[in-house]
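The next block holds one structure in the form of structure tokens; read it before the comments.
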Amino acid sequence: MSTAATTRRSRGGHGRWAVFFLAPSFLPLALFTFFPMAKSVWMSLHNWNLISAPTWVGVENYKRLLSDSATIQAFWHTLLYVLGYLPLVYCGGLALALVLNTRLPARGLLRAVYFLPVITSWVVVALVWKWILNPSSGVVNTALGALGLPEPGWWTDPHWAMASVILASAWKDLGFVMVILLAGLQGIPGELYEAARIDGATWWARLRYITVPLLTPSTFFVVVISLINGFQVFDQVFVMTGGGPQGASQVVVGQIYDLTFRYGRAGEAAALSWLLFGVILTITLIQMWGQRKWVHHA
């Protein structure tokens with residue numbers, strides 16, 4: 001038998017073993033991920049109220065959604081949430097990472113405490129923040145009133161409802177961002193900081209010219225994950241505001257939920273989920289393309 005035939009047989013044997021070992025993971029993935037995705041595409045091309053038989057409408061659901069003011073408003077609110085949430089959670093996480101990267105007493109305990117909200121249920125966090133921001137008896141307004149400052153209506157006020165959700169979301173996710181950036185900080189060689197100190201560089205100069213550039217891989221990861229999660233915001237909105245008041249905090253996933261379970265328009269809800277997927281995929285691809293220009297690997 002030739003060497004080429006032996007090589008092909010060996011590769012075929014390896015391929016069969018690979019399929020054998022991957023099958024236990026692939027079958028649940030196909031059953032619970034790929035099949036529901038394909039089903040949702042099919043559903044988005046039908047009118048379906050979850051009770052009667054679906055009727056084919058083609059791309060009419062997509063056309064209706066793209067011209068629907070409620071859908072456009074939901075996307076706008078989601079974008080406002082992301083624009084408020086991302087800078088707050090990143091800057092706060094970076095500040096915590098910088099502080100906890102120094103030699104503090106009980107540093108390990110502090111890291112664990114700041115990470116605790118990340119593993120706490122969203123329902124619990126949302127309820128706590130709903131109480132903290134209660135307009136009449138909340139801790140925040142009580143403190144503002146004692147200082148003689150205006151007391152916002154927070155989640156009961158259309159102008160402050162989204163800000164309330166952003167504050168709760170940023171507080172919960174600070175620990176996650178902190179851990180990722182802390183790992184990035186610990187990967188920066190200490191010799192660079194030592195050389196900068198010898199050259200007379202200030203703390204701000206070291207942060208600007210050493211820390212920030214060498215932290216860009218971690219920053220890129222945080223930004224991508226935070227944007228993907230931000231566009232899928234739902235739990236905290238559902239618990240804190242329910243999309244109100246007056247629809248002021250309604251987001252895309254909340255609109256998908258309402259279309260499905262409140263209005264019985266599951267076909268439109270499926271179409272809206274794919275529109276959201278398209279937006280997230282586009283933004284992620286743009287970030288993947290742009291990282292070559294601003295992400296610096298040591």
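The values are calculated or read from the model by the stated rules, or taken from the named source; none is laboratory data. All of these numbers come straight from a predicted model, not from anything done at the bench. Every residue, glycine among them, receives a Cβ derived from its backbone with ideal geometry; neighbour counts consider all protein chains shown. Areas reflect the complete protein model, heavy atoms only, side chains present, ligands, DNA and RNA absent. Shrake-Rupley method; radii C 1.70, N 1.55, O 1.52, S 1.80 Å.
Brief remarks follow.
- Filter result for GLY264 (open to solvent by 40 Å² or more (accessible area, probe 1.4 Å), modelled with pLDDT under 95 and outside any helix (DSSP H, G or I)): no
- Listed conditions (1) free of Cβ contacts under 8 Å to residues at least 60 places away in the same chain; (2) of a type in the set (Gly, Ala, Ser); (3) assigned to a helix (DSSP H, G or I); (4) open to solvent by 30 Å² or more (accessible area, probe 1.4 Å) are all met by SER273, apart from (1).
- Among residues of the range 241-255 that are farther than 12 Å from THR78 by Cα, those with a beta-carbon under 6 Å from a residue that is modelled with pLDDT of 90 or more and outside any loop (DSSP other than H, G, I, E, B) at least six positions away or on a different chain give the pairs THR241/TRP155; THR241/ALA161.
- The single condition among (1) closer than 30 Å to LEU181 by Cα; (2) at pLDDT below 95; (3) not acidic (Asp, Glu) that LEU276 does not satisfy is (2).
- Filter result for SER136 (free of Cβ contacts under 8 Å to residues at least 12 places away in the same chain, closer than 19 Å to VAL179 by Cα and polar (S, T, N, Q)): no
- For the range 129-150, the condition of being of a type in the set (A, V, I, L, M) and under 20 Å from VAL82 (Cα atoms) holds for none of the residues.
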